[in-house]
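See structure below.
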Amino acid sequence: MSRIWFVTGAGRGIGAHIAGAALAAGDRVVATGRNLGALESRYGPYGERVLCVPLDTAREADSATAVAAALDRFGRIDVLVNNAGYGQLGVFEEIAAADVVRQFETNVFGLMHVTRAALPVMRRQRSGHVINLASVGGFMGFAGSAVYCAAKFAVEGFSESLALEVQPFGIHVTIVEPGFFRTDFLDTSSVRYGALAVDDYRRDMPDGRTYESYNGRQPGDPARLGRAIVQLAGTAEPPLHFVAGTDALGMLDGALQRRRLEVDAHRALSASTDGDF
Ligand SMILES: NC(=O)c1ccc[n+]([C@@H]2O[C@H](COP(=O)([O-])OP(=O)(O)OC[C@H]3O[C@@H](n4cnc5c(N)ncnc54)[C@H](OP(=O)(O)O)[C@@H]3O)[C@@H](O)[C@H]2O)c1
């Protein structure tokens, strides 16, 4: 049966590849983004199988309007892909408070706005799949990424908890944790670095922009990730977490091992804090 996908940030990058893979599988797509013109030129060739809708995730009202338009056209939403996002990178002290807020407005609150708008539809259907793009940086921290990781950790905590709340309605939640994928993510058209300069950090990291050197050299292929996500969405019991890329697998394996050792190293002290009530 042809499914209806609702994808945020579908104009380029991973979102565009997920939408493309869904269309290649014979499904229909509500392609949303900030730039309607870009969406229309990318998806025009698919005709009636794609509905292009403006949606800036940071603007709460956009979500309800976009979901209403999706229902109008297709009558249901089977898979919601919360993909829209960008990286606010740089060391924490060099990032102004307003830029922290901006990161959360798009990557966290925006994702919640869209989810809030789509869930009543899925509850009525008693089925649905919410796929949230987090990151390997939603599982472990990285230097020069404190604010981005904070936002992706928020996505993980939100998604894990939401999964438990919506499971009775037949709604699945999957958190995608990619490593580095070759998109515009690290391009100046997407990424933002801290606008403040704190000299101490310059001395330790002369460039400070440690991620710039990866741009164009990321090992992950977003087209393959798009196909993998469409494959997962077709399974009866999709996973709660999906790690994407060998770099992410390696980093996660290391982090899990370190966490296990850390827990065990202080197990007795951890257990000592229960009260004699
Ligand atoms: N690529 C990676 O290495 C990587 C790794 C881990 C996680 N991720 C996550 O994967 C997701 C997609 O990133 P990508 O790699 O595809 O990056 P990308 O090529 O820069 O694409 C980002 C997409 O998000 C959209 N977007 C950003 N802010 C938005 C907003 N406020 N409202 C609506 N759309 C917005 C962009 O739209 P515009 O065209 O309008 O800017 C664009 O379509 C992000 O959540 C990112 O954090 C990426």
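The values are calculated or read from the model by the stated rules, or taken from the named source; none is laboratory data. Every value quoted in this text rests on a predicted model; they were computed, and no experiment measured them. Glycine also receives a Cβ, built like all others from the backbone with ideal geometry; neighbour counts cover every protein chain displayed.
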Flag if G128 is within 16 Å of the ligand (Cβ to nearest atom) and at pLDDT 95 or above:
no
Restricting attention to the range 235-277, report how many residues are in a loop (DSSP other than H, G, I, E, B) and in contact with a Pro (Cβ under 8 Å, 6 or more places away or on another chain).
1
When you go through E165, E160 one by one, which is the residue that is of a type in the set (D, E), surrounded by fewer than 22 Cβ atoms within 10 Å (Cβ to Cβ) and in contact (Cβ under 8 Å) with a residue 60 or more places away in the chain?
E160
State all residues of the range 240-255 that are of a type outside the set (D, E) and touching a Phe, Trp or Tyr at 6+ places or on another chain (Cβ under 9 Å); if no residue qualifies, say none.
H241, V243, A244, G245, A248, M251, L252, A255
If K152 satisfies every condition in (1) crowded, with 18+ Cβ neighbours inside 10 Å; (2) assigned to a helix (DSSP H, G or I); (3) of a type in the set (D, E, K, R); (4) touching a residue at least 60 places away in the same chain (Cβ under 8 Å) but one, which is the exception?
(4)
Cβ pairs under 7 Å, 6+ apart, first in the range 173-201 and within 18 Å of A154 (Cβ to Cβ), second within 7 Å of the ligand (Cβ to nearest atom) and not in a loop (DSSP other than H, G, I, E, B)
V176/L133; E177/V136; P178/V136; P178/G220
From (1) under 26 Å from A68 (Cα atoms); (2) in contact (Cβ under 8 Å) with a residue 60 or more places away in the chain; (3) not in a helix (DSSP H, G or I), pick out the condition that doesn't hold for N132.
(2)
Every residue from the range 168-177 that is crowded, with 19+ Cβ neighbours inside 10 Å and away from the ligand (no atom under 16 Å from the Cβ):
I171, H172
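Taking only the range 178-201 into account, find how many residues are assigned to a loop (DSSP other than H, G, I, E, B) and either more than 6 Å from the ligand (Cβ to nearest atom) or aliphatic (A, V, I, L, M) (or both).
Residues flagged as assigned to a loop (DSSP other than H, G, I, E, B) and either more than 6 Å from the ligand (Cβ to nearest atom) or aliphatic (A, V, I, L, M) (or both) within the range 178-201 amount to 12.
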Taking A97, is it of a type in the set (G, A, S), in contact (Cβ under 8 Å) with a residue 60 or more places away in the chain and more than 9 Å from the ligand (Cβ to nearest atom)?
no
In this structure, is P45 under 24 Å from R192 (Cβ atoms), without any contact (Cβ under 8 Å) to a residue 40 or more places away in the chain and surrounded by fewer than 21 Cβ atoms within 10 Å (Cβ to Cβ)?
no
Among the residues of the range 209-225, is there at least one that is surrounded by fewer than 19 Cβ atoms within 10 Å (Cβ to Cβ), outside any loop (DSSP other than H, G, I, E, B), modelled with pLDDT of 95 or more and of a type in the set (A, V, I, L, M, F, W, C)?
yes
